[in-house]
1. So what's the back-of-envelope 222 nm ellipticity for the chain, counting only DSSP H runs of four-plus at -39500 (n - 2.57) apiece and dividing by all residues, rounded to 500?
2. Is segment 386-484 rounded, prolate or oblate when judged by the Cα gyration tensor, a ≥ b ≥ c being the square roots of its eigenvalues, rounded requiring a/c under 1.5 and prolate requiring a/b larger than b/c?
3. Using the count of nearby Cβ atoms within 10 Å as a rough guide to exposure, how do ARG181, ARG133, ARG31 rank from fewest to most?
4. What ranking do 434-442, 112-120 get when scored by the average of other Cβ atoms within 10 Å per residue, highest first?
5. Rounded to the nearest 5, what % of the DSSP beta bridges within the chain are antiparallel ones?
6. Take each of the peptides 76-87, 256-267, average the number of other beta-carbon atoms within 10 Å over its residues, and list them starting from the highest.
7. How many lysine pairs in the chain, separated by 8 or more positions in sequence or lying on different chains, have Cα atoms less than 26 Å apart?
8. Lys/Arg Cβ at +1, Asp/Glu Cβ at -1, dipole of segment 152-193 taken about the Cα centre: which of THR191, MET167, THR156 is farthest positive-ward?
Amino acid sequence: MTASEHTTDATGPVPTGTALRDALWTRIDERADEFLSWLVELAAQPSVSVTGEGVRECAALLTDILKRIGVDSETLETGGSPIVWAALGEHSAEDTPHLLIYGHYDVVPAGDPADWPFPPFEPTVHEGALWGRGVGDSKGQLLAHLCALAVWTDVTGAPPPLRLDLMLDGEDETGSLNTRRFIAEHPERFTADALYTSDASTLGLWQPALFLGVRGALYLEFTCEGSPQEWHSASYGGILPNPADRLTRALASLTDADGHILVDGFHDGIEPVPESVRTAAAALPDTFLPPAQDLGVRAYTTSDPVDAMFFSPRICVCGIEAGYTGEGLKMAVPTRATAKVDIALMPGQSPARTAQLIRRHLDDHGWDDITFTVLADCPPSSIPDTHPLVTTARAALGAVWGQEAAVIPSIGGGGVFGAFVEHAGLPCLLVPYGQPDLQEHSSQEHFSLEWFRNGIKTSAEVLRRLAEGEATGWTRRVPSKEAG
């Protein structure tokens, strides 16, 4: 028996090390057509969380796919879309690494079928990619993890010698509100050492990449009321309080001309950025952000948009509605004005505290009549670039792709990750398997078959490195008593 083999209960010796890696990758190549058929089957099942169409049927299909690979699962009710949950290796040794793999199976609506090159729920292979709603966001990326488990059992005769929890969420595209509540109410389920997920694309990079966190989000709807009826603006304009004028002035007071936020205390508590993370951001290729002209504008609002994107909180007015906006003119003082505002938050900031600071700012500056409602919020999440899961994923991506993975500090806020941090204390790593032109949420959504296969290989290599003790520095996490 060589150093790359050991005997198990399986028939014959089982490879280890790079021999195991090669065996797993070979088996992935051999089963590529079968795994593609699974993805076609999964993507053909609608699972539109905003309407509920097909969501429970898709959860049942995932349960069936898990059975095919020898994994028993349970369906957890949340008050909304169900969670499909599976736990492997529960009786492993205490020091065995414990990983939670998260994915979501719901999709956004397909929209008008006439806009699609192929029917959205009839997945079609075309020019090296699978086209259809949800193929890349995120059924294909979720399925990559399950396929990796399937080939592991093929090659070794048993599941990976790890503690693995699988959590498949059915309402990511609607904010995972019920899922977030489930996490808060059941912290005992979330005792893993770290969370690994694959979603989204590598943005502008045609190379492997990973995200160290998700920027927090606070989405507010502001309202300013005026007179209950319209009055002629030629007589009363500039005399009566104008909701449109008051609201726009109030919003303008939140930032200076360069976008720096002027709300007292807003930046308090923001965690310092490690120099290594700033260095990684500075090393991103120029293609990461296209020239401003390619986006239809003359210039970015800052000389360093990459730094501003990752390391500064930002306020974006997404929409304003007030007064008469129809054809022609109508001379009338508006009775009401509303605005929707998206606020990006950094690690160390809390959506609830941020809302309190904005309320105080409005009151202190004479806009106490302006109200706002929180439409959505999500605390930021981050994982240190030195965390063993990060170094393991970087090594796995490098081995699969033959090139170093880009380290991207964060991705746009929202979703469920903040809840894992807030209620379970879980460090979360996002490793996208989608190519830059994935075009999720559009009628051009398509998932590269090469990237799908490499995603499966990456998941298999992450599992191998964890199982064989190559995740240097991995320690079991003690769940925080404060979590939950």
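Each reported figure results from applying straightforward, stated rules to the coordinates on display, with no laboratory input. It should be emphasised that the depicted structure is a prediction, and the values quoted were computed from it without experimental measurement. Cβ: placed from backbone, ideal geometry, glycine included. Neighbour counts: every protein chain shown.
1. Working: 13 runs with 151 residues, N = 484.
The helix contribution divided over the chain gives -9500 deg cm²/dmol.
2. Cα axes put segment 386-484 in the oblate bin.
3. On the way: ARG181 15, ARG133 28, ARG31 18.
Final ranking by Cβ density, sparse to dense: ARG181, ARG31, ARG133.
4. Working: 434-442: 19.1, 112-120: 13.8.
Final packing ranking: 434-442, 112-120.
5. For the chain, the DSSP antiparallel bridge percentage is about 70.
6. Working: 76-87: 19.1, 256-267: 13.8.
Most protected by this proxy first, the peptides run 76-87, 256-267.
7. Working: LYS67/LYS139; LYS67/LYS457; LYS139/LYS457; LYS330/LYS340.
Count of close lysine pairs: 4.
8. Result: THR191, furthest along the dipole toward the positive end.
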